[in-house]
Amino acid sequence: MQPYQEEYIANLKEIAKLSASEKSGSRSFCVPYEEVLSDKKHLEQIVARNMELLREKLFPLLDHLFEAEPETLRELEDFAGILFDGRTERDVGLFCQIRRALLSKARQAGNRNDMIRQLYWLGMGYNSICTRLVGLDWLYIEKYMVRMRLCFMEAAAYLKYFEEIEDSDTKGYIIRSRANVALGQFKSSGEKIRLVNYTLRILQDKGYREKAPELPWDRYLYMTHQQMAASISRNKENAMSPQDIVDIMESVYIVYEKQFEEARSRGENPPAKSSFSYDSINYYCGLDTLDGLLEKMELLIDTAQADDFSGDGIYRMISLPAFYCNFLQDHPEKIPARTEYIDRLYEQALDYVEHFPQASENEQLFFHVRQLMSTFVETDSSIPYGDFVEKLLMRFLPEDYIHSYIVGKAAAELCRIIMEEESGFFDDIESIRQIENPGKKLDAVLEYATNGSLLHDIGKISFTSLYAQSARQWFEEEYEMAHLHTLVGEKNLAVRPSTRRYAPIALGHHSWYDGSHGYPDSYVRLECPSRQMVDVIGLADWLDNVTDANHLYTGVQLTFEEAFKTAVSLEGKRFSPLLTARLRDNRVVRRLERIYREERREAYHSVFLSHSP
């Protein structure tokens with residue numbers, strides 16, 4: 001590789017090291033605050049250097065890639081392979097940028113083998129990005145799934161030239177692309193099952209096998225049976241047809257029998273994933289009841305070891321509880337008899353992720369945590385959903401938790417200032433309007449502002465690699481994906497009784513007052529009863545973002561004086577005139593500035609040290 005590429009990789013590893021230290025649990029925050037600031041300054045320097053390397057070295061190369069020498073192209077491909085290799089993800093966004101450029105070069109040169117390889121790897125990069133979209137409606141994720149699938153479909157289309165292609169690696173990429181067309185989410189389970197079925201027929205076709213006997217056909221076939229076994233839909237809204245169940249059943253039995261025999265030869269139990277697929281298909285075939293299936297799931301979960309951080313351990317401790325609660329969501333009549341068990345599941349899950357080693361580097365763990373967040377069942381005795389996701393935010397995105405804490409302090413202070421002048425300012429909110437006692441009304445407003453701020457960014461947990469380990473400023477498509485955190489947060493908060501009132505804040509805190517810009521489009525300010533509070537938290541959030549929190553990946557950083565002036569200049573456009581009018585008062589500005597300047601240290605100590613053992 002080129003020296004700049006080696007330096008960029010070294011910087012990625014240093015950032016991962018800093019991130020892992022930061023996220024290693026609440027005990028890591030017992031270091032002096034000055035050390036935290038020093039690490040943050042070091043991180044800023046690394047990101048600045050990375051942007052310098054990209055702007056001066058890589059981007060000019062990508063712009064003139066058609067003129068590059070073969071050795072330069074090989075070095076670039078090696079660089080991309082370290083950024084992402086299908087398992088380890090260091091910078092999948094930059095990986096995709098490079099692969100797109102290499103694909104364009106291959107198209108221009110008419111190099112079919114290279115085109116197929118680049119399409120496969122670009123599809124793999126897009127698939128990694130798609131794993132962050134758990135829990136979102138199809139409307140919002142369809143374009144990401146289609147983008148990924150088109151790469152694999154184009155590469156797989158060269159199957160018709162299979163006989164004339166001589167390169168074995170290229171043939172392998174074609175077959176793997178054919179199987180990977182079924183990766184990701186689908187609008188209906190039947191669509192995915194049909195695609196996997198087609199791949200199974202190809203893999204068992206003697207004609208194709210004879211044209212490439214050197215390929216590991218049996219391994220491909222078994223992995224595709226695993227893919228089919230994992231295609232079971234457990235959601236009432238995406239129910240499987242009888243034919244879907246029949247198609248899946250054979251693969252489930254093949255996978256289970258193979259893994260059962262392998263486990264028995266080692267004196268072990270089969271992996272939980274194949275056991276669960278086996279039990280599930282028996283339920284869907286009518287060979288077992290839902291109660292029977294839930295009992296079998298409980299047995300698989302209860303035999304998990306709290307210190308087993310393998311893939312099977314993650315599945316038992318995090319993913320199975322997510323599926324368990326998914327069934328309970330669809331069958332709420334089963335919840336009352338299982339409330340104690342549900343409560344224990346979440347306590348165990350939180351303890352598990354708290355002690356998970358190098359959690360920040362384990363994308364498999366993040367994927368299953370997103371599942372658990374999405375299927376959370378809240379009971380009268382369970383940990384409230386808000387507390388649950390706050391603990392996850394603290395574990396995986398501690399800087400964003402501090403940001404939310406600061407936003408809550410600033411929002412509460414602004415609410416206090418407003419209530420001193422207009423006691424009925426927040427009376428659009430019914431629960432606030434019904435309170436007659438002025439002191440109690442103020443307390444209710446401050447509580448709403450504080451808790452709403454703490455939860456306004458919980459959707460970011462689905463995009464940890466964007467926020468926690470960003471080694472550079474975002475690309476345009478990463479900005480676009482980051483916008484989805486508002487939708488994830490709103491959806492997860494809206495369906496739980498204890499957090500439903502905070503859902504509009506998660507959805508609308510990046511919207512503009514006049515509706516001309518911002519996101520998402522689904523937030524309509526005038527239709528939101530709590531719009532005044534959304535406005536307040538949106539302003540408090542923006543002020544912290546441009547002065548401290550977001551500049552590493554947005555490249556935008558203002559002084560406090562510049563931030564307050566900019567906010568006033570956006571009066572009636574980005575921000576409510578009822579709020580920016582207060583920012584013309586220097587006393588108000590000083591009160592808010594003091595919070596942003598001084599409360600971060602207090603937040604660090606009061607929040608993180610209070611959670612240390």
Practice task
Using only Cα atoms, find the angle between the long axis of helix 272-284 and the longest principal axis of the chain, and express it within 0 to 90 degrees, rounded to the nearest 10.
Solution key: 90
Handout entry: Neighbour count of at most 13 Cβ within 10 Å plus DSSP loop: longest trypsin sites (Lys or Arg not before Pro)-free window in the chain
Key = 267-613
Handout entry: Per residue accessible area of the stretch 214-288, 1.4 Å probe, in Å²
Key = 53
Practice task
Calculate, for the stretch 290-383, the solvent-accessible area per residue in square angstrom, rolling a 1.4 angstrom probe over the heavy atoms of the protein chains.
Solution key: 41
Completion exercise
With the 8 Å Cα cutoff and a minimum separation of six or more residues, the stretch 213-323 has a relative contact order in percent of 21
Completion exercise
In whole percent, the fraction of accessible protein surface over the stretch 389-611 that belongs to carbon or sulfur atoms, probe radius 1.4 Å, stands at 49
Exercise for the section: First check a/c for the stretch 389-611, with a ≥ b ≥ c the square roots of the eigenvalues of its C-alpha gyration tensor; if it is under 1.5, answer rounded, and if not, answer prolate when a/b is larger than b/c or oblate otherwise. Expected result: rounded
Exercise for the section: State the percentage of accessible surface on the stretch 33-166 attributable to carbon and sulfur atoms; use a 1.4 Å probe and exclude ligands, DNA and RNA. Expected result: 50
Completion exercise
So, relative contact order of the chain in percent, Cα under 8 Å, 6 or more apart, is 13
Fill in the blank from the handout: Classified through the alpha carbon gyration tensor (a ≥ b ≥ c as square roots of its eigenvalues; rounded if a/c is under 1.5, else prolate when a/b is larger than b/c, else oblate), the chain comes out oblate
Problem - Nearest-ten-degree value, helix 33-53 long axis tilted from longest Cα axis of the chain - result: 50
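How big is the charge dipole of the stretch 389-611 about its Cα centre, in debye rounded to the nearest 20, if each Lys and Arg gets +1 on its Cβ and each Asp and Glu gets -1 on its Cβ?
400
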Practice task
Tally up the carbon and sulfur contribution to the accessible surface of the stretch 290-383 as a whole percent, 1.4 Å probe, everything protein left in place.
Solution key: 48
Problem - Prolate/oblate/rounded label for the stretch 63-214 (Cα gyration tensor, a/c 1.5) - result: oblate
Fill in the blank from the handout: For the stretch 389-611, the per residue accessible area (1.4 Å probe, Å²) is 40
Fill in the blank from the handout: Once the in-chain neighbours fewer than 8 apart are removed, the lysines whose Cα is under 17 Å from Lys13 read Lys23, Lys40, Lys41
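The values are calculated or read from the model by the stated rules, or taken from the named source; none is laboratory data. Note that the coordinates shown come from a computational prediction; the quantities given were computed from them, not determined experimentally. Here the Cβ is made from the backbone with ideal geometry for all residues, glycine too, and neighbour counts use every protein chain on show. With ligands, DNA and RNA removed, areas are computed over all heavy atoms of the protein, side chains included. Shrake-Rupley method; radii C 1.70, N 1.55, O 1.52, S 1.80 Å.
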